[in-house]
Amino acid sequence: MNICVFCSAQDVPEKYQNAAREFAALIAKSGHTLVWGGSNVGTMKIIADAAQADGGKIIGIDVEFLRHKARQNADEMIFTADLGERKNMMLERSDAIVALPGGIGTLDEATEIIALRRHDKHQKPTIFLNTDGFYDGMKTQFKRMNDEGFLASIDNDVVPGLDSVAYFAETPVDAMRYIEAHAN
């Protein structure tokens, strides 16, 4: 199974690095393939290192303008013209999607994937790795959107936990269990 991981290209606190390492190791040890943004910096480097250290295959999907930051020893490296094409390719090449704690790019990727799933454009498991409560605010925001009428009727199954559209996993092991139970 190909598991797409959205994460940061920044150096982040150790608690997020440790969860990223653990999740990438679980991907590899379970015989799955890591699909990620292809960069060799920040959390992106950490997950690629961890997956390869445990014998896993890695597929990078990056954009041309970031080619200079791309990992050199990926099993497969794909370059796209822009970020939109990159997201589409990552979704296409994956059987499950996981958002680790990240910044604006991770938030953009994850919310687009949720929107596509809401509109029945895919049925792939979508998971937020909620390390140290990082995504608690997102859960609160979705609940408020629902409570104040901003979510259409098709979204009624989204809140309070988003479980039908996205799952909030508290640990890497929880995320992997969910993927293996729900991916095709």
### Query
Which of the residues spanning region 25-55 are open to solvent by less than 10 Å² (accessible area, probe 1.4 Å), outside any helix (DSSP H, G or I) and of a type in the set (Gly, Ala, Ser)?
37, 38, 39
### In region 137-160, the residues that are over 22 Å from residue 101 (Cα atoms), modelled with pLDDT under 70, surrounded by 11 or more Cβ atoms within 10 Å (Cβ to Cβ) and not aliphatic (A, V, I, L, M)
155, 157
### Query
What residue, of 163, 132, is at pLDDT 85 or above and open to solvent by 70 Å² or more (accessible area, probe 1.4 Å)?
132
### Task
Sort out which residues of region 70-94 are open to solvent by 50 Å² or more (accessible area, probe 1.4 Å) and either in a loop (DSSP other than H, G, I, E, B) or of a type in the set (Phe, Trp, Tyr) (or both), and write them in order of number.
72, 73, 75, 79, 81, 82, 93
### Task
Name the one entry in 67, 21 that is over 20 Å from residue 173 (Cβ atoms), part of a helix (DSSP H, G or I) and of a type in the set (D, E, K, R).
67
### Query
With 121, 87 as the choices, which residue is modelled with pLDDT of 90 or more and of a type in the set (D, E, K, R)?
87
### Complete set of residues in region 110-129 that are surrounded by 22 or more Cβ atoms within 10 Å (Cβ to Cβ) and assigned to a helix (DSSP H, G or I)
110, 113
### Task
Confirm whether residue 105 is in a helix (DSSP H, G or I), more than 15 Å from the chain's Cα centre (by Cα) and either modelled with pLDDT of 95 or more or closer than 19 Å to residue 63 by Cβ (or both).
no
### Query
Does region 8-20 hold any residues that are of a type outside the set (A, V, I, L, M) and either more than 15 Å from the chain's Cα centre (by Cα) or more than 17 Å from residue 60 (Cα to Cα) (or both), and which are they?
10, 11, 13, 14, 15, 16, 17, 18
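The values are calculated or read from the model by the stated rules, or taken from the named source; none is laboratory data. This structure is a prediction, so every number in the text was calculated from the model and none was measured. Cβ atoms come from the backbone with ideal geometry, glycine included; neighbour counts cover every protein chain shown. For accessibility, only protein heavy atoms count, side chains too; no ligands or nucleic acids. Shrake-Rupley method; radii C 1.70, N 1.55, O 1.52, S 1.80 Å.
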